[in-house]
Amino acid sequence: MAFLRIRTTVDERPGRLASLTAALAARGGNILGLSVQPDTDGTVDEFVAEVPASAQDVAAAIEAAGGRRVHVVPAAAHELADEPTRALLLALRLRAQPWRLPEFLAELLRADSARWSYGDHVSDLPDPHQLVVPVAPKRAIRLRRGELPFTLTEAARAAALVRLAQPPVEPSPADRALRLADGVEVEVRPLTEAFREAVRDLHDRCSPESRRFRYFTAMPALPPRLFDRLCDRDRGESVVACRDGQVVALASLMYTQDPGSAEIAVLVEDGWQGRGLGARLARILVDLARDHGFAEIRASMLSDNTRMRRLMISLGADLHYTDDPGVVEARMATGRMAPTAQV
């Protein structure tokens, strides 16, 4: 009986996992390991199983049970190690030997190769069997894996390991000064109850169009319950940008029902728009999402919100049309944020 690693993309609906496990059981399979990962068009389920059937028969059974993009490859007994424990041990080794980062990334993701890459490392035509992990501007690690394509969750894991290998170069959002391209400096702080009045004033100073772009309606007043939700750490994290005692921008990272994804939204006072502030705040949110283990960032926006569309594209996001013709959704793997933004 052979060990097999089985990976498939499935639609997000009740009963999907039961259908796959039933298909493996019908082939005499014994599931020894399971992971579930979010992806751009569904959920990736990965099994390590002992199955007496051939890889071709297993793939056919999974496809019949509703699987898409099915990959079945041989696995070894050592791959049954507990994944969190394996990652923690790799992190411990990395802290002691950070110069071995490419090697440890390859081990983490079971890649065939990992090498440094210099210059532009964002490909216009991404190869699913290649993962480029930014380390610094104009410097990245390029991984290849022939049998299984990389997932968004694996990109997030790789990005987290890279951050662990580097000394902190920025203070936390609780104590951060941002200098914009025009030389003006703003202070970034976590949103707390102390900013209730300042955020209400920001909302009042914004034009109806800016409020419509943020809330999908020209909300004349900020409801207290909405402010309370933005402050609720169980629902997400928000930061404010302050200048001369005023809040001039608000950026929010909100958790979703999908445990692998988080949603971002930004409100910038009209007089501060077009100065790169929104992009800088969005990058802080992506870093927060990556540190919290989210694999993907999403942003819903009105189709005529040109500025937000440009901002998300500059970060490296892809735009997708939704069932609502007036709404566009941006989606981006947290581990693949572009190194610079031009907004």
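Identify the residue in the range 259-275 that is out of contact with any Ser or Thr (no Cβ under 9 Å at 6 or more places or on another chain) and open to solvent by 10 Å² or more (accessible area, probe 1.4 Å) and, among all such residues, is farthest from residue 13 (Cα to Cα). Only one residue fits best here, namely 271.
Per the conditions (1) crowded, with 18+ Cβ neighbours inside 10 Å; (2) within 20 Å of residue 180 (Cα to Cα), the sole criterion not satisfied by residue 310 is (1). Within the range 37-91, being loosely packed, with under 15 Cβ neighbours inside 10 Å, among the acidic types (Asp, Glu) and under 23 Å from residue 335 (Cβ atoms) holds for 41, 82, 83.
Please verify whether residue 317 is touching a strand residue (DSSP E or B) at 6+ places or on another chain (Cβ under 6 Å) and free of Cβ contacts under 8 Å to residues at least 24 places away in the same chain, treating the condition exactly as stated. It is true that residue 317 is touching a strand residue (DSSP E or B) at 6+ places or on another chain (Cβ under 6 Å) and free of Cβ contacts under 8 Å to residues at least 24 places away in the same chain.
Pairs are defined by a Cβ separation below 7 Å, a sequence spacing of at least 6 or placement on different chains, a first member in the range 91-114 that is under 17 Å from residue 163 (Cβ atoms) and at pLDDT 90 or above, and a second member that is among the acidic types (Asp, Glu) and open to solvent by 60 Å² or more (accessible area, probe 1.4 Å); the pairs so defined are 114/103. Filtering the range 243-258 to residues that are assigned to a strand (DSSP E or B), of a type outside the set (Phe, Trp, Tyr) and open to solvent by 10 Å² or more (accessible area, probe 1.4 Å) leaves 243, 246, 254.
The values are calculated or read from the model by the stated rules, or taken from the named source; none is laboratory data. No experiment lies behind these values; they were computed from the predicted model shown. All Cβ positions, even for glycine, are placed from backbone atoms using ideal geometry, and neighbour counts span all protein chains on display. Surface accessibility is based on the protein's heavy atoms, side chains included, excluding ligands, DNA and RNA. Shrake-Rupley method; radii C 1.70, N 1.55, O 1.52, S 1.80 Å.
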